[in-house]
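What follows is a set of notes on a single structure, which appears directly below.
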Amino acid sequence: MARQIRINAQRRDRIPQFGWVRPMPSVKVDGFRWVLIGNKLKCSKSWKTSWEFLIHYLGEVMGSEWGNEEIRSKKLPDRHPVMQWYDGLCRSQTKYKDTLDESGFIHGVVDGRAWAYVHLAYDLYLMADRVELHDRLVDRLRDPREFQGARYELSVASHCVRAGFTVAIEDDTDTSTQHPDFIATHKATGEVIAIEAKSRHRPGVLGYEVQALREPEPSVRSIALKALKKRPAMPYVIFIDLNLPPIDESNERTWENQIADDMERLRKLASGHHEMNAIMLTNYSPGYASRPFKAPRWSHRWYESTLPLHPVSHPEALADLRLAHETYGIVPLWFNDEPIGETMTIEVREEDP
């Protein structure tokens, strides 16, 4: 009984940090670290932390042949965003190699590129462990033209998992009808919600080709209107990423005013009930990971309709979606059989090349 109380307390303590996800199932046997992902086992003698496992896992998912070809055939600025992040990770490891301690750990600052790489790996891990990692998603992640959309859909799916939802991905190859990106079911209440994920394109960011560089602006009205055309016959939540440089005190008020104006215009366009129950605006800024910036503000804004076409039966399902942003971006450092609740405190900043 005492052991069960302790386990329940540990699980309760994890939720504010990591959301409704289980600790990474792992055990160490005869010097090998075994990690369970869904119904598959991975093992290595070298994984001391979950971050080391995740770095290996992302390389395995994307494919070593694909990654090596990117490195061999392209200069760094022309490589896929994931491989640019990988370069930043390698540079960080090299920079701090002299800090190796007796336990085999190095100590240093994790820059934006290394963080973006590990964060992508953790989102992929959550999909493989709690949902299903489809080959179609991995193919889209490899394709520079589709990477931005696939990466944000993965972010939103991870957000839903952390909020306590199961996720069923819709078939994006079915063009016979419009449908949302996936259907999320709240495990605590059974509430079913359609989810759509949209990310603004910015020239030269996240693999999007450079056309004419201009000052980025936060308008989301056109992309929101596109999402609203899908009209699923159930509660509907739209996630939109601004894909802007990290928001700070110098530009926050200007951008908030523009976004508020867009939301008011959308409200006026609606005749009667609103097609969506809520819009979550985010600004995760992974595309700016190799540019100088301060530690990112986890920017988000939640706009909930007071007159939705399909009201939820359980408001707590929407509340869990809204609050899950507080855990997004936190990647556990330890496996499940080591200290629970610890994360690496990192400073995200640009390092010299």
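The values are calculated or read from the model by the stated rules, or taken from the named source; none is laboratory data. Values in this document were obtained by computation on a predicted structure and should not be read as measured data. All Cβ positions, even for glycine, are placed from backbone atoms using ideal geometry, and neighbour counts span all protein chains on display.
For this structure, a couple of remarks:
- Pairs where the first residue, in region 16-44, is in contact (Cβ under 8 Å) with a residue 12 or more places away in the chain and on the phi > 0 side of the Ramachandran plot and the second is assigned to a loop (DSSP other than H, G, I, E, B) and among the β-branched types (Val, Ile, Thr), C-beta under 8 Å, 6+ apart: GLY19/THR327
- Helices (runs of 4 or more DSSP H) contained entirely in region 12-98, each with at least 1 residues that are under 20 Å from LEU141 (Cα atoms) and more than 23 Å from the chain's Cα centre (by Cα): 64-73
- The residues listed here are ALA184, ALA188, ALA212; of these, the one that is hydrophobic (A, V, I, L, M, F, W, C), at pLDDT 95 or above, part of a loop (DSSP other than H, G, I, E, B) and at negative phi is ALA188.
- The lone exception for HIS274 - which of (1) modelled with pLDDT of 80 or more; (2) closer than 22 Å to TYR328 by Cα; (3) out of contact with any Phe, Trp or Tyr (no Cβ under 7 Å at 6 or more places or on another chain); (4) not charged (D, E, K, R) it fails: (2)
- Considering (1) in contact with a Lys or Arg (Cβ under 8 Å, 6 or more places away or on another chain); (2) part of a helix (DSSP H, G or I), the lone condition that LEU124 does not fulfil carries the number (1).
- Candidates LEU137, LEU154, LEU120, filtered to the one that is in contact (Cβ under 8 Å) with a residue 60 or more places away in the chain and not β-branched (Val, Ile, Thr): LEU120
- Just one of the listed residues (GLU146, GLU132) is part of a loop (DSSP other than H, G, I, E, B) and either modelled with pLDDT under 95 or under 25 Å from ILE195 (Cα atoms) (or both), namely GLU132.
- In region 79-111, the residues that are surrounded by 14 or more Cβ atoms within 10 Å (Cβ to Cβ) and of a type in the set (Lys, Arg): ARG79, ARG91, LYS95
- Tally, over region 221-247, of residues that are part of a helix (DSSP H, G or I) and of a type in the set (Asp, Glu): 0
- TRP302 vs. criteria aromatic (Phe, Trp, Tyr), modelled with pLDDT under 50, at negative phi and surrounded by fewer than 19 Cβ atoms within 10 Å (Cβ to Cβ): no
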